[in-house]
Structures are given as structure tokens and as C-alpha cells.
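In what follows, a structure is listed as C-alpha cells, so that the remarks can point back to it.
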Amino acid sequence: MKNMARLFILTGILFLVTGMAFGLYMAEGEDVRFIPVHAHLNLLGFVLMFLFGLAYQIWPKMQEGLLCRIHYFLHVVGVIVSMLALYVILQDPVANGETLGPVATGAAAMTLVGVLIFAFLFSTRAND
């Protein structure tokens, strides 16, 4: 993909819509168990994706090559899988925590690796 900055921002907007809609769903049902999912969708999904997109737009050399695409894949998959796992865990922590805890942790680790790739790209290519 030629313009990864735009893809990051558009995906971030999708996460924002999803997070806000989920917040409305929680508010209507008066069920606050899932606030961590709502918050992480907005913060990891929207805020970080939007900031990544802005950085890739400001420093286009960061988008060159495969690492930017790997960052995108790891972040998106990591957020989606970890939020789905967290949602199921929060429904019944005793029954679901032991099985899905490692899934959520692995997905969060994917997200972290993506952030480390971003840090590497920024530190090596955002110098103009």
C-alpha cells in the first residue's frame, strides 16, 4: 500500500466508531463491566492509530519498506484479538480467564512488538 499514513488514520476512525458505539451499548444496558474494552478500543485503537498515521504522514520515509506494513498488521490484529478476548474474559473471569488470558496476553504482545517497530522506524527514519 502506497499511503500507509491514510490507512492508519482510517483504521483508527473505525476503532473510534466501534469504541463509541460500544460505549453507548454499555450505557444503555447500564453494564460497566466492559469499560476496559471501551477504553482500550478508543486509546489503542483510535488515539494510537491516529498518532501513528500523523507520524507516517509527517515523515514519509517511515512508510518505506515492509516494516510499516508489519507494524500495521501487528497493531490491528493485536488490538482486535485482545479486545475480543478481554470482552469474553470480563463476561465470566473465572470460567474464561484461564483459557483466554494467554490469548489476550499474546495479542497484547503483538501490539507491543508493533509499537517497538514504530519506535525503530521513528528513531531511524524521522530525521528530516
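Can you compute the modelled spin-label distance between Phe122 and Trp59, with each label point 7 Å from Cα toward Cβ, in nm?
Between Phe122 and Trp59, the simple spin-label model gives 0.8 nm.
Can you tell me the dipole magnitude for the chain around its Cα centre, using point charges on the Cβ only (Lys, Arg +1; Asp, Glu -1), in Debye to the nearest 20?
Computed charge dipole of the chain: roughly 620 debye.
Can you find, among Pro102, Leu24, Leu90, the residue farthest towards the positive end of the dipole of the chain? Put +1 on the C-beta of Lys and Arg, -1 on that of Asp and Glu.
Going by the Cα projections, it comes out as Pro102.
Using the Karplus equation 6.51 cos²θ - 1.76 cosθ + 1.60 (θ = phi - 60°), what ³J(HN,Hα) coupling, rounded to whole Hz, does each residue of the stretch 112-128 give in order, writing x for Gly and Pro?
So the Karplus estimates, Gly and Pro as x, are 4, 4, x, 5, 5, 4, 4, 4, 5, 4, 5, 5, 9, 10, 9, 10, 10 Hz.
Sum -39500 (n - 2.57) across every DSSP H segment of at least 4 residues in the chain, then divide by the residue count to get the 222 nm mean residue ellipticity, nearest 500. Intermediate results must be reported in sequence, preceding the final value.
On the way: 5 runs with 100 residues, N = 128.
That comes out to -27000 deg cm²/dmol.
Relative contact order for the stretch 4-125: what is it in percent, counting Cα pairs under 8 Å that are at least 6 residues apart?
29 percent
Between 0 and 90 degrees, rounded to the nearest ten: what's the tilt of helix 4-29 against the longest Cα principal axis of the chain?
The angle comes out near 20 degrees.
7 Å from Cα along Cα→Cβ at both Glu30 and Val17: what's the point-to-point distance in nm?
Rounded to a tenth, the inter-label distance reads 3.1 nm.
Counting Lys +1, Arg +1, Asp -1, Glu -1, what net charge surrounds Gly65 among other residues with beta carbon under 15 Å of its beta carbon? Show your work: numbers first, answer last.
Values: positive: Lys2, Lys61, Arg69, Arg125; negative: Glu64.
Net local charge, Gly65 excluded: +3.
The numbers here are math on the coordinates, done by the rules we state, and not lab data. Just so it is clear, the structure is predicted and the values come from calculations on it, not from any experiment. In this analysis, Cβ positions are derived from the backbone assuming ideal geometry, glycine residues included, and neighbour counts consider all displayed protein chains.
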